[in-house]
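As structure tokens, the structure follows; a few thoughts come after it.
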Amino acid sequence: MSRLRIWFYVFIGWSCLTTVSVVGFVLQSNRIQHQQQQQQQQQSLPTTVLASSSSSSSSSPSPQNNRESFDEQEQDYDDDASIQWELFQKHHARGCWKGIWTTYDYIGDVQDETVASVNLLPSNLEDDDNDDDISDNIAVVVDHSHTIVIGAKRSDCKTCFDSMEQRTFPVARYTRDNLLQRSRLAGISLVNGPSLLRSSGVMATELVLKHGDGRVRVIFNHAPVWAQDVEPGSCPPQGLKLFRVMLSREALRDTAPTADVEREDPPQPGNPIFFRPVPPFHWHKKWSGTSWTWGPQTGNRGWSIDEIEETDAWHGITPVECWNLRLGSIHMQAPKVITPDSVGICRLAWLPDDDTLLRVEAGVSALQQPLPLADDDDDDNNDMIGFEPPRLTSLRCDMLQKTGELDLSERPFRGSSTTSDDQPKDDEEVGRTSNTITNKSDNDDDDDGETETKSDRTTISTATALSAATTVSSSSSTNQNSEPENLRDSLSL
């Protein structure tokens, strides 16, 4: 019996040992297999995250990928800020831009004129060895101020000088880091805003074009407006309506440019002549050049323009759905009303000389996404609604040169005849048509039936007919701008 017990215990022990070994082997195998699966998932995780970055996923990307994406965005912002700062100093932060600020109302009447200057003075130059040429230096800070003439005394004596009482107001101090907070540059153009004035709640959008030692600056002001059957103030504003425009012809000269000053002391070649006669048909030429565009998503881009298409030649037309004002070599265009459902396009075109066309246009959106504002102090006041600040949605600047005249078939031609053929005719056909109409009139009036010969009539040249038709067409389009008679008479077209 004792031997049987011994063998029985030995068998039980061996069975337990075998069972434990088998179980341990299985557990070890499962553990190794699980570790291999985790390693495979970790290796495939970055690729999956990058491939599905645009779609929502429950798994979050690794910190390394987040860091790389943040570094790329920061690098892009640094490059953009450097480009903007360089353009700002090259074209605009050049000194004191003296000019006459002229304010127009909605119908184009002159409301006010002020002699002032915009001072953009660079300071803290890194290279102090050559302070005479600011373009070769890099400024750390640009101080912005306005100098306004509040009183002047003119001397009748030729040996005496006129005295002016001036006052300077500081506006802002720009650096490379804060320039993009309110401004955006594209080529030679500059856009400030859109921004809201704290005193009146008016939205201001400023467009600037620069050429040589001069530039043109325009500020469009839009105020809150309600529908005709809605009481103002009973609900949030339903739109922003244009009610005031300020235009300034500015130059880096000793005095503000005027017609008398430019007549006595003409600017040097390459600098603009602001007060010069510009016929309306000078806008209708063949233009080519380059274009600089910017968008929040696309960023800065450059384009080459071989020829402006007819649909893009907004500088030569005055659509009735927009506010238009053409003053010689300057054409301003802005939306009459900006609504939350639309993007307003503010435009400025300038002919600094007969062979150069500069254009800038800015897209503006306002009154977006109204949000109720909670007031902890007054629980009963639940009528306060806030809007997102107005923002710049797009920017485009065109720098064009004249490459030729338009073809005869492309020019606007409005003849007095009712023929189906609207194309201009040559000199022989025009003369023959003129003689036929004249002879027919003479036949009706002459009882004897005598007709005059063809040589007795004067033929009309094609150039004269086209010039007259273009002048009439341009004059009729200019009349749509709602300019007053006294303003149009003072343009010296």
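We did not get these values from a lab; they are worked out from the coordinates using the rules stated. All values derive from a computational prediction rather than experimental measurement. A quick note on method: Cβ atoms are made from the backbone with ideal geometry, for glycine too, and the neighbour counts reach across all protein chains shown.
Once you list every other residue whose beta carbon is under 15 Å from the beta carbon of VAL364, what net charge do they have if Lys and Arg are +1 and Asp and Glu are -1?
Numbers: positive: ARG182, ARG184, LYS241, LYS336, ARG347, ARG391, ARG396; negative: GLU206, ASP341, GLU361, GLU388.
It works out to a net charge of +3.
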Which value, to two decimals, describes the C-alpha radius of gyration of the stretch 228-297 once divided by 2.2 N^0.38 Å? 1.90
Charge dipole (debye, nearest 20) of the stretch 76-404; +1 at Cβ of Lys and Arg, -1 at Cβ of Asp and Glu: 1180
Full-extension gain between GLN369 and GLN268, please, as 0.36 nm times their residue separation minus the C-alpha to C-alpha distance. 31.3 nm
With each label point set 7 Å from Cα along the Cα-Cβ vector, what nm distance links THR290 and ILE150? 4.4
Whole-percent pair-distance distribution, where bins are 20 Å wide, for the alpha carbons of the stretch 76-404: 28, 57, 15, 1
Added length on full extension, which subtracts the Cα-Cα distance from 0.36 nm per residue, ASP79 to ALA223: 48.3 nm
Label points 7 Å out from Cα along the Cβ direction at ASP112 and SER304: separation in nm? 4.8
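Can you tell me the dipole magnitude for the stretch 168-215 around its Cα centre, using point charges on the Cβ only (Lys, Arg +1; Asp, Glu -1), in Debye to the nearest 20? Each step should come with its number before you reach the end.
Details: 7 positive and 3 negative charges, 18 e Å.
Result for the stretch 168-215 is approximately 80 debye, rounded to the nearest 20.
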Rounded to whole Å, √(5λ) for the Cα gyration tensor eigenvalues of the stretch 200-249, largest first, gives 33, 8, 7
Would you kindly compute the Cα radius of gyration of the stretch 178-291 and its largest Cα-Cα separation (Dmax), both in Å? 19.0, 57
Likely footprinting exposure, ILE148, ILE330, fewest C-beta neighbours within 10 Å first: ILE148, ILE330
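How far, in nm, would the chain grow between MET164 and ARG182 when pulled straight, counting 0.36 nm per residue and subtracting the alpha carbon separation?
Gain in length upon complete extension: 3.2 nm.
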Taking HIS91, HIS146 and counting other beta carbon atoms within 10 angstrom, the fewest-first order is HIS146, HIS91
At a 10 Å Cβ-Cβ cut-off, how would you order SER123, SER248, fewest neighbours first? SER123, SER248
